[in-house]
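Read the figures in this text as sums done on the coordinates, not as results from a lab. This one's a predicted model, so the numbers in the text were calculated from it and none came from an experiment. We place every Cβ from the backbone using ideal geometry, glycine too, and count neighbours over all the protein chains shown.
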Amino acid sequence: EKGGYDHFMLKEIYEQARSIRDCLRGRIYPDQGKVQLGGVKEYADKLRNIDRIIIVACGTSWHAGLVGEYLIEEYGRVPVEVEYASEFRYRNPIITEQDIVIAISQSGETADTMAALEIAKERGATIFGICNVVGASIPRITDAGVYTHAGPEIGVASTKAFTAQVTVLTLIAFYIAQQRGTLTQSKLIEYLTELNEIPTLVERTLQCNDRVEEIAARFKDSNNCLFLGRGSSFPVALEGALKLKEISYVHAEGYPAAEMKHGPIALIDAELPVVFIATKNSSYEKVVSNIQEVKARGGHVIAIVTEGDTQVREMAEYVIEIPQTDDAFVPLLATIPLQFLAYHIAVMRGCNVDQPRNLAKSVTVE
Ligand code: F6R
């Protein structure tokens, strides 16, 4: 059932062009600049007048939430708070009937996420779910929701569910923008046309596998790794670090690149690989100076760059190219090489990729 792949995780990484395409199907009409989300249609008015959205989730799903924060604030212009469900539920959170609380959960069964939603519901908020498993506990208690349609995810480390969650959040951001008029029709047409191309760009991104495998061979014995990005690539850095930690047991940290000089820079020595998400988007120049800072201290720089990049190529020890796309969609592409990196390092270290020690696919106890 692994479809010829050595592990479910690898199969699921490769499924992402298809899973994102399935997630978009019937939901976007690029020519009309229109997003249609049947699951939340009843709440279109509420979304038009919303003052605040709270996202609750755990682990990888929480990282997707952070990407969602950038997207919803940027395009829908609604303030978003992203909370660890486990913290939110125990802190007497301030929630009003005006709020929409969105839970993100692949399994739809995570105990803390479920409990956070129950509290929000008790206090009168409207509750939405972004889940993968149809009919799971979370989708059963929510007022509305959007399924990710990524298909069953067997590998314990979440891959295609993450990119599908980000895809749904992208759709929600543009749906809100459409309701609130925060993007013009012609901008919506432009964005949705590009979004429609993402599955094809994901296919091209998947071709980086061999390159990433070479890089993994070079760094497989490192005991630490730092992942840095800015803007919506910051949560991508967090996700890259989590993948590496959970399946290869290598200590890894994700940081916003600018925070490096407030502490983690002390870690940099000739042993430390530092993975940068350095694509050609709005924070490019800033990331370039962060790369210089790492180089100056002898760190090994691995950079994810946009196809055709020359500036970072001259500075980094290794580059991995991904196709050019709008800022809005970079997380969907930039995550993929990081998934491959964690995968290959784990395999080379002899780890059980699909069932890492101490981890369960769905965490139904707190
Ligand atoms: C990481 C991973 C976990 C889950 C987390 C939430 O690869 O799989 O961090 O993301 O346990 O699970 P769900 O999304 O099912 O609520």
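Where does segment 45-107 land on Rg/Rh, using Cα atoms and the Kirkwood Rh?
So for segment 45-107, dividing Rg by the Kirkwood Rh gives 0.96.
Could you bin all the Cα-Cα distances of segment 78-163 into 10 Å bins starting at 0 and give me the percent of pairs in each, rounded to whole numbers?
Result returned by the calculation: 18, 50, 27, 5.
Fully extended, how many nm does the chain gain between residue 204 and residue 348 (0.36 nm per residue separation, minus their Cα-Cα distance)?
Length gained between residue 204 and residue 348: 49.4 nm.
Round to the nearest 0.05 the FRET efficiency obtained for residue 262 and residue 223 when R0 = 22 Å and r is the Cβ-Cβ distance.
FRET efficiency, residue 262 to residue 223: 0.45.
Can you work out D for segment 149-200 in µm² s⁻¹ from Stokes-Einstein, where Rh is the Kirkwood radius over C-alpha pairs, the temperature is 4 °C and the viscosity is 1.567 mPa s?
Result for D is 104 µm²/s.
So what's the back-of-envelope 222 nm ellipticity for the chain, counting only DSSP H runs of four-plus at -39500 (n - 2.57) apiece and dividing by all residues, rounded to 500?
-13500 deg cm²/dmol
Based on Cβ point charges of +1 for Lys and Arg and -1 for Asp and Glu, what charge dipole magnitude is obtained for the chain about its Cα centre, in debye rounded to the nearest 20?
It comes to approximately 280 debye.
Please list, short to long, the whole-number percent of alpha-carbon pairs of the chain in consecutive 20 angstrom bins beginning at zero.
31, 59, 10
Using a basic spin-label model with each label point 7 Å from the Cα along Cα→Cβ, how many nm lie between residue 84 and residue 184?
Reported label-point gap for residue 84 and residue 184 is 4.4 nm.
Quickly work out the residue 251-to-residue 73 label distance, labels modelled 7 Å from Cα along the C-beta direction, and quote it in nm with one decimal.
Computed distance between label sites residue 73 and residue 251 equals 3.1 nm.
With everything on Cα atoms, drop me the angle between helix 111-122 and the longest principal axis of the chain, reported from 0 to 90° to the nearest 10.
It works out to around 30 degrees.
Find how much the distance from residue 269 to residue 118 grows on full extension, using 0.36 nm per residue of separation minus their present alpha carbon separation; answer in nm with one decimal.
Using 0.36 nm per residue and subtracting the Cα-Cα distance, I get 49.7 nm.
How long, wide and thick is segment 3-55, going by the Cα atoms along their three principal axes, in whole angstroms, largest first?
49, 31, 15
Quick check on the chain: of the DSSP beta bridges with both residues there, what percent are antiparallel, nearest 5%?
The antiparallel fraction comes to roughly 5 percent.
Straight distance only, please: which lysines reach the Cα of residue 220 with their own Cα at less than 18 Å, same-chain residues fewer than 8 apart left out?
Residue 220 reaches 243, 245.
Between residue 5 and residue 32, what is the spin-label point distance in nm, taking each point 7 Å from the Cα along the Cα→C-beta axis?
Label at residue 5, label at residue 32, 3.5 nm between them.
State the Kirkwood hydrodynamic radius of segment 122-209 in Å, one decimal place, computed from all pairs of distinct Cα atoms.
By the Kirkwood definition, the hydrodynamic radius is 15.2 Å.
So if the hydrodynamic radius of segment 1-94 is defined as the Kirkwood radius over C-alpha pairs, what does Stokes-Einstein give as its diffusion coefficient at 4 °C and 1.567 mPa s, in µm² per second?
It diffuses with D of about 80 µm²/s by this estimate.
Between 351, 332, 277, whose Cα lies farthest towards the positive end of the dipole of segment 247-366 when Lys and Arg beta carbons carry +1 and Asp and Glu beta carbons carry -1, centred on the Cα centre?
So the residue we want is 351.
Using Cα pairs under 8 angstrom and six or more residues apart, how large is the relative contact order of the chain, in percent?
Relative contact order here is 20 percent.
For the chain, modelled as a Gaussian network with Cα springs under 10 Å, which listed residue fluctuates most, 232, 105, 282?
Maximum fluctuation in the GNM of the chain, among the listed residues, is at 282.
What does the extension gain come out to for residue 359 and residue 154, with contour length at 0.36 nm per residue minus their alpha carbon separation?
72.5 nm
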